[in-house]
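The values are calculated or read from the model by the stated rules, or taken from the named source; none is laboratory data. As the structure is a computational prediction, the values presented were derived from the model and not from experiment. All Cβ positions, glycine included, derive from the backbone under ideal geometry; neighbour counts span all protein chains shown.
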Amino acid sequence: MNSPSNTTNSAVKIALVSLGSNLALGDLSPKELVLSAMDGLRQISIDSHGSSLYVTEPLDCPPGSADFINAAIQLQVEASTTALGLLALLQQIETDFGRQRGGERNQARTLDIDLISFDNQILESTVLTLPHPRAAQRKFVLMPLAQISPNTVLPGQSSSIVQLLDRLPDQDNVQLLA
């Protein structure tokens, strides 16, 4: 695997993706769902670099929500790939893993995949905002990203991922899964 970087080769585009699950699907636990989804993402990329898994207490979720399993993956995709095209693939993977859209905000889910950054683009549309608008404030996003791409500076930010993480208040409980 190539090491993560903030530079892109003209033949590829770099995407940073965050994954989470707190709801089993049949016999598959949230941990197994995230690992399987990461395997699926590797299949659509030229190269990838995934983080470890993290256990996260639910944030802004309904009372009684189960802990989340979170991870991140850096994907190198074909230069012809667009942000909206990749988003469609990510949403199809969510659907394939039982994701139900609609209902209560931040409800339990079998799989949540967020496109955090794509080829250093800044984009604001009705279906996608890049970089992800809340990524810099979410420890459960930044911790896995810091493991795989610590020196990356998200578009619109002046600090690296690891610097953003260091500045967050220590209020969210995110732990490396043993």
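Kindly list, by first and then second residue, each pair from a residue in segment 84-95 that is closer than 14 Å to Val127 by Cα to a residue that is hydrophobic (A, V, I, L, M, F, W, C) and surrounded by fewer than 15 Cβ atoms within 10 Å (Cβ to Cβ), limited to pairs with Cβ atoms under 8 Å and residues at least 6 apart or on different chains.
Pairs found: Leu84/Val127; Leu87/Val127.
What number of residues within segment 53-73 are farther than 12 Å from Leu19 by Cβ and touching a helix residue (DSSP H, G or I) at 6+ places or on another chain (Cβ under 6 Å)?
Total meeting the criteria: 0.
I'd like to check something: does segment 10-23 contain any residue that is at positive phi and at pLDDT below 95?
No.
Sort out which residues of segment 54-113 are of a type in the set (Gly, Ala, Ser), at pLDDT 90 or above and in a loop (DSSP other than H, G, I, E, B), and write them in order of number.
Hits for segment 54-113 are Ala66, Ala79, Ser80.
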